[in-house]
1. Could you give P(r) for the range B:4-58, binned at 5 Å from zero, as whole percent values over all Cα-Cα pairs?
2. To check my understanding: the extent here is largest minus smallest coordinate of the Cα atoms along each principal axis. What are those three numbers for the protein assembly as shown, in Å, largest first?
3. With N residues in the range B:237-383, what two-decimal value do you get for its Cα radius of gyration over 2.2 N^0.38 Å?
4. Taking the Kirkwood radius as the inverse of the mean 1/r across Cα pairs, report the Rg/Rh of the range B:273-332.
5. Using a Gaussian network model of chain A with C-alpha springs under 10 Å, which one of A:SER155, A:SER99, A:SER73 is most mobile by mean-square fluctuation?
6. Kindly give Rg over Rh for the range B:192-267, based on alpha-carbon atoms, with the Kirkwood expression for the hydrodynamic radius.
7. Using a 1.4 angstrom probe on the protein heavy atoms only, could you order A:LYS52, A:LYS173 from most to least accessible area?
8. Quick one: work out the % antiparallel among DSSP beta bridges in chain B, nearest 5.
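The values are calculated or read from the model by the stated rules, or taken from the named source; none is laboratory data. These numbers come from a predicted model, not from an experiment. Using ideal geometry, Cβ is built from the backbone for each residue, glycine included, and neighbour counts are taken over all protein chains shown. Surface accessibility is based on the protein's heavy atoms, side chains included, excluding ligands, DNA and RNA. Shrake-Rupley method; radii C 1.70, N 1.55, O 1.52, S 1.80 Å.
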Amino acid sequence: MSETFLLDGEDIPFEPGQTVMQAALAAGHYIPHLCYHPEFKPHGSCKVCTVKIAGRYATSCTAPAQAGLDVASDTDEVNELRRTLVQMLFAEGNHFCPSCEKSGNCVLQALGYDLGVMTAGFRHLFPDRPVDASHPDILLDFNRCILCELCVRASCEVDGKCVFALAGRGITKHLIVNAESGRLADTEVELTDKALAVCPVGAILIKRQGFAVPIGERRYDLSPISAQALADAPRPPSGSQPCPSCEDEA
Amino acid sequence: MPDTVELNVLLDRHPRRPESLLQVLREVQEVHNHIPPGIDAAIAEALGVPLARVRGVAGFYSFLSLEPLGRYRVLFSDNITDRMLGSREMMQALCGKLWLEPGKVSEDGLVSVATTSCTGMCDQGPALLVNGRAITRVTHQRINEIGELIRAGTPLTEWPAGFFRVDDHIRRRDLLLESDRMTGAALTAALERGPDAVIAELEASGLRGRGGAGFPTARKWAACRAAAGDERYVVCNADEGEPGTFKDRVLLASYADLVFEGMTVAALAIGARQGFLYLRGEYRYLLDALEDTLRQRRAAGLLGQGILGRAGFDFDIVIHLGAGAYVCGEESALIESLEGKRGIPRNRPPFPVTHGYRQRPTVVDNVETLCAAALIAMRGGAGYRAIGTPKSAGTKLLSVSGDCARPGIYEYPFGVSVRQVLNDCGASDALAVQISGPSGVCIGDAEFDRRIGFEDLATAGAFMVFDSSRDMFEVARNFVQFFAHESCGFCTPCRVGTSMQNALMDKIAHGMGTRHDLEELAKLDRVLQGASHCGLGHSACNPVLDTVKRFRPAYERRLQSLYFRPAFDLDGALAEARRMTGRDDAGAHIRGES
């Protein structure tokens, strides 16, 4: 019999090495999250998955599961904190859901609805972020990037290319691509890359596919994100050819 | 394409590994005053890292730039103590003299003038950096001279030596600062005791980390010694970035032997063969002297193979320079930076004692901690334990600056009262003291009997004094700007929250604030305090919380009486439309918003 911890009063079994988030999702219990992805080592930057463990805040995607933990996730206090974090992400970039192709498939938008974010909360920063439409098949719209680093991780750890990276610091942190020109068209990116499939928002889009599935019939139109916990249960990465220069990080 | 031969010579000074990236970039920056196009790709190729990572690292550190910033790059230290000494006015004066806007490069590519976070010269400010070299005691006359030298294109090597003078200003000595120059005595004693006994003496001494957190040093060393693995590292954290702190600068300038002796004792205790001194970029001017000291110690058999004739005791030290990133003072961010990466704090556990530099067991200790460890290795722990208070053994170096007659370094046994320090430094009209910098606490005059120590006021050493003429709102605002500038950007709450906090403080400063904004500041604190990835975010709201609590009138006199007011003026926004339509009737105005 496996060991368990408590999540909002319910017993959650876990395997050694799992984090609180991984065990919860595998057991069908949803903890809101953005930068966590079932195929990647968690890195804990968005903080939307923050929970309270024994009265202290912790990042559930990186906190190791341990027998006997008492984890509070779906509480007014923790959800209020998450709402504020989601508001911060909306305020930091330029997110216009009504005109975004990702609407309905967007994790940020789905979280906003699910957590009940009703107001802007912050004065929006309206950063100036030009798009990169250089690639014939792929659009990079930095306005919608939430800096989750999933494409960075996928490109290095799975595609073995390191097409994406982060530059800048603090509020000027931004996504860049690996080309002398700085343009996506001049990178090694290919349509089959894992990095293109993991973007939770509308920052990386395949051209000419935007409305193949009509709005209203998309993933989070059909059922709220909180009802889809099992879809994010941990699973091995699809493909694995780590970038030689990044192996130490994988 | 810049000279590739020159680049190869530079590259040859470093192992051609990804770990060398930051050091290579820093040296290229020093030669070219930026990282020229093409060179970044050549570096990527030589070190075997993606070009995007080279650019990512270059963009993380304030002192590196992919864009040209002029043959002279002037950076004014922007700590509150510099501002109190007139740095802002002097920056304006220099810009005026050079026909320049702050933050912009002159059209002829000659010069740029901007600000940088505290350069650690608070006792002899205002201070600035020219091409990374520290200049202290800036006056209007000195500004004029600097303007002339820049316009004449005079090389820095020909500037008056007095500009670059940095004084120790040691005002009070105790145990540590009274110790003699250490060339092997502590090491000899440590070798005689043996590693286990050295750690036992440290345990007996009660020594706790001097970087502010106060972790028991013996426990850290013992954990690292016990950790699995056959390669271990000793890292001296000399990334003294907390605004208002400069005691490590003085230790490195005048007690370097003691620092290296402490590192070597640590190496003996944990079984390390390699050490790093992580020196903040602002202290670049100390590098040559430190390298000299290392050479002397190698020649004296105190570093290298078979130290002091003991076969198998091999240890050496490499100096790694930072490049302008406060967050690298956090030990796991420092390790990332040592590995040549962006200085992002790691997820913990695992901790550096088991998974540090290159995932090997690593001890990271503050400069002052290592000095104290050397003394304890030599004299034993009991004498050290006898000084100070029950939970805070030994002495503490304070970096005193601000409104006082005698700013500088004061060493006290733990337990000294704030009032005592104020008396000793000649602060006769103190209104407030910022203890341990922006991430520490701000106390008012009702609390001056509180004591320095882990029981009460834990501190990394900063002690900034503000007299009754100072506006504590502006003090807090300076610190808020600091945190927003230094946030690494990894986690959402700190990356966005520090900027939002900055915007709220600006709103209040511009007379647009309300009580609602104070509540918003408190809300931001809950998010940063609760959800941030590291200590920077956790403490980023402290300056505002402390000053709101203790100096509320400084905020309230700026507040509008309305409960809420937008940061912009609704009616004012219609002014242009009124002008264009020629209307000015009641219907063309928005009134009574609330």
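1. Per 5 Å bin, starting at zero, the Cα-Cα P(r) for the range B:4-58 comes out as 4, 22, 41, 26, 7 percent.
2. Over the protein assembly as shown, Cα extents along the principal axes are 78, 74, 60 Å.
3. Values: Rg = 15.0 Å, N = 147, 2.2 N^0.38 = 14.7 Å.
Compared with the compact-globule rule of thumb, the range B:237-383 sits at 1.02.
4. Working: Rg = 13.7 Å, Rh = 12.8 Å.
Across the range B:273-332, the Cα-based Rg/Rh ratio is 1.08.
5. Largest GNM mean-square fluctuation: A:SER99.
6. On the way: Rg = 13.7 Å, Rh = 13.9 Å.
With Rg and the Kirkwood Rh in hand, the quotient comes to 0.98.
7. Numbers: A:LYS52 45, A:LYS173 5 Å².
Output order, biggest surface exposure first: A:LYS52, A:LYS173.
8. Numbers: 27 of 57 bridges.
Antiparallel bridges: around 45 percent, rounded to the nearest 5.
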